[in-house]
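See below for the structure under consideration.
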Amino acid sequence: PLPYLAYAEDSGLGRIVTAMLSRRETSLPLRVSFIAPQGPVLRAMARDGRGIAWLPDSLIEDDLKAKTLVLAGDEAWIIPVDIRLYRQRERGTKISEDFWSAVQEA
């Protein structure tokens, strides 16, 4: 089996990857070799050759360009994820309004 670098079960990305794997008609021979709550830890382990991991493009963009990491499968194994930010209509605290302003400027 392939060594698989997994997210912790209680992480959002962990639930997303687990759901995708459970829906696949073709199963992969995976053996969980390491579990971490966050992508940067899994990225470091993958860069060290310790296994395969599902990682956000934004985290590995430079690695893909430098070829320190490569895609382990075809596009069928890519998981599209949308992240959306919502807020209440009414004004919130100064901290929340400052955050919202920074998001809008980015």
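The values are calculated or read from the model by the stated rules, or taken from the named source; none is laboratory data. What you are looking at is a predicted structure, and each value in this text was computed from that prediction instead of being measured. Cβ sites come from the backbone with ideal geometry, for glycine too, and all protein chains shown count toward neighbours. Surface accessibility is based on the protein's heavy atoms, side chains included, excluding ligands, DNA and RNA. Shrake-Rupley method; radii C 1.70, N 1.55, O 1.52, S 1.80 Å.
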Using the Cα centre as the reference, give the magnitude of the dipole from point charges on the C-beta atoms of the chain (Lys, Arg: +1; Asp, Glu: -1; all else neutral), rounded to the nearest 20 debye. 200 debye
Normalised by the residues of the chain, what does the relative contact order come to in percent, with Cα pairs under 8 Å and at least six apart? 26 percent
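Tell me which GluC sites (Glu not before Pro) from the range 22-79 have a DSSP coil assignment and no more than 10 other beta carbons within 10 Å of their own.
Numbers: sites: Glu25, Glu61, Glu75; in loops: Glu25.
Passing both the DSSP loop test and the Cβ count: Glu25.
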Can you sort Arg24, Arg15 by solvent-accessible area, 1.4 Å probe, largest first? Arg15, Arg24
GNM on the chain, Cα springs under 10 Å; top mean-square fluctuation among Thr93, Thr68, Thr26 goes to Thr93
Within the set Pro56, Pro80, Pro40, GNM on the chain using Cα springs under 10 Å gives the largest fluctuation to Pro80
For the Cα atoms of the chain, what angle does the longest principal axis make with the long axis of helix 12-23, in degrees from 0 to 90, nearest 10? 50 degrees
Could you check the spin-label model distance between Ile35 and Glu75? Points 7 Å from the Cα along Cα→Cβ, value in nm. 3.4 nm
Ignoring ligands and nucleic acids, what accessible area does Val103 show with a 1.4 Å probe (Å², nearest 10)? 60 Å²
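By accessible area of protein heavy atoms, probe 1.4 Å, what ranking do Ile83, Ile35 get, highest first? Could you put the intermediate results ahead of the total?
Details: Ile83 155, Ile35 105 Å².
Highest to lowest solvent-accessible surface, that is Ile83, Ile35.
When the Kirkwood hydrodynamic radius is evaluated over all pairs of different C-alpha atoms of the range 50-106, what value in angstrom, to one decimal, is obtained? Mind showing how you got there, number by number?
Working: mean 1/r = 0.0676 Å⁻¹.
Taking the inverse mean of 1/r over all distinct Cα pairs, the range 50-106 comes out at 14.8 Å.
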Comparing Arg89, Arg47, Arg31 in a Gaussian network model of the chain (Cα, 10 Å), the one with the largest mean-square fluctuation is Arg89
So what is log10(I(q)/I(0)) for the chain at q = 0.12, 0.18 1/Å, when the Debye sum runs over its Cα atoms only? -0.53, -0.93
So, with a 1.4 angstrom probe, what is the percent of accessible area on the chain that is carbon and sulfur? 54 percent
